[in-house]
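The structure appears below as structure tokens.
Nothing in this text is a laboratory measurement; each read-out follows from the coordinates by a stated rule. Treat the numbers as computed from the prediction; the structure is a model and nothing was measured. Using ideal geometry, Cβ is built from the backbone for each residue, glycine included, and neighbour counts are taken over all protein chains shown.
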Amino acid sequence: MEDKEENPQNDSVQANGQQSSKKRKKQKEVAIFGNYRNYYSYRIDQGLEEDPRIKVMKKEWFEGKNCLDIGCNSGLITITIAKKFGCEKILGIDIDSARIEDAYWNLRRIVKSSESKKNQKVDKSKDVGTNGITDPPDKTGRVEISADSPASHLFDQVSFQKDNFVLGWTIPGDKVYDTILCLSVSKWIHLNWGDEGLITLFSKVWRLLKPGGIFILEPQPWKSYVSNRQVSEVASTNYKNLKIFPDQFQEILLDKIGFRKIENLSSSLSGSKTGFNRPILALWK
């Protein structure tokens, strides 16, 4: 290892590194809606294949269902749910057009990767089976079907849309959903549009759900509000005027909005980084 004092290039590299670090911090500071570009890497431990929040989701909430993901960011949760649980349709919406572009990029990347893996399995199975089916079924009775089950069906299941759910997204007259997700988004709505914006979020979700539909909410704790209260002048002003606090959400959702049942799915999720082990609530209309 070279001594830093004897190698002036190291000084330049260090300076560039400090500048890059400052740039990254600046990028975080302008994400006033929580629209961080690398959000998932901030909250999930490295080495995990999927977001640990997926583990508390139940297949029957999504399989063959019409779903909505509010504040989808780069779409990784949206796509994973469609792929793992088999939604009929799932729409991810986000206020940031750049994150919607990222979401469509991720969708194309995941489809391409899945198709590539399936094609490899087809090639390997040609010597032992036909029609893309490996030989024979395993002990669980499962077989690998490649040619007849293209990953490109995700393009039919998953879509993304740039919109402001609170202010700009109008409720379609004939459009209702079986399941709606709102994961680590409520704080940003609350800070940017105050108590009124939060109630608008909850009321819109309730109206958009079918009878018996499920609302999956991951609210941020109050300490997270404190950490982000100065992200913008609007957030700072709204923070001072808030009269609704996260520990009141359950009561409001049940008594004022009209949800009939609530379940705390997990108060601590393994695999999430410190500060992101938040409760996930499921509410039934």
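Arranged from highest to lowest average of other beta-carbon atoms within 10 Å per residue, in what order do the peptides 238-246, 52-60 appear? Intermediate values should be presented prior to the final figure.
Details: 238-246: 13.4, 52-60: 15.3.
Result, highest mean first: 52-60, 238-246.
Between residue 116 and residue 264, 0.36 nm times their residue separation minus their Cα-Cα distance comes to what? Could you put the intermediate results ahead of the total?
Working: separation 148, 0.36 × 148 = 53.28 nm, distance 3.86 nm.
Value of the extension gain: 49.4 nm.
May I ask for the net charge around residue 248, where only other residues with Cβ less than 13 Å from the Cβ of residue 248 are counted and Lys, Arg are +1 while Asp, Glu are -1?
Values: positive: 243, 256; negative: 195, 247, 251, 255.
Neighbour charge sum, excluding residue 248 itself: -2.
So for 152, 159, 236, fewest C-beta neighbours within 10 Å to most, what's the order?
Numbers: 152 10, 159 17, 236 13.
Ascending Cβ contact count within 10 Å gives the list 152, 236, 159.
Give me 80, 237, 179 ranked fewest to most by other Cβ atoms within 10 Å of their Cβ, as a rough exposure proxy.
On the way: 80 18, 237 12, 179 25.
Starting with the residue having the fewest Cβ neighbours, the order is 237, 80, 179.
What ranking, highest mean first, results for peptides 82-93, 182-193, 205-216 when packing means the other Cβ atoms within 10 Å averaged over each residue?
182-193, 82-93, 205-216
Counting Lys +1, Arg +1, Asp -1, Glu -1, what net charge surrounds residue 219 among other residues with beta carbon under 11 Å of its beta carbon?
Values: positive: 187, 278; negative: 218, 247.
Once all neighbours under 11 Å are counted, the net charge is 0.
Whole-Hz Karplus ³J(HN,Hα) for region 75-86, in order, using 6.51 cos²θ - 1.76 cosθ + 1.60 and θ = phi - 60°, x for Gly and Pro?
x, 5, 5, 4, 5, 4, 5, 4, 6, 7, 10, x
Determine ³J(HN,Hα), in whole Hz, for all residues of region 99-110 in sequence, where each value follows from phi through the Karplus function 6.51 cos²θ - 1.76 cosθ + 1.60 and θ = phi - 60°; x replaces Gly and Pro.
Each residue of region 99-110 in turn: 5, 5, 4, 4, 5, 5, 5, 4, 4, 4, 5, 5 Hz.
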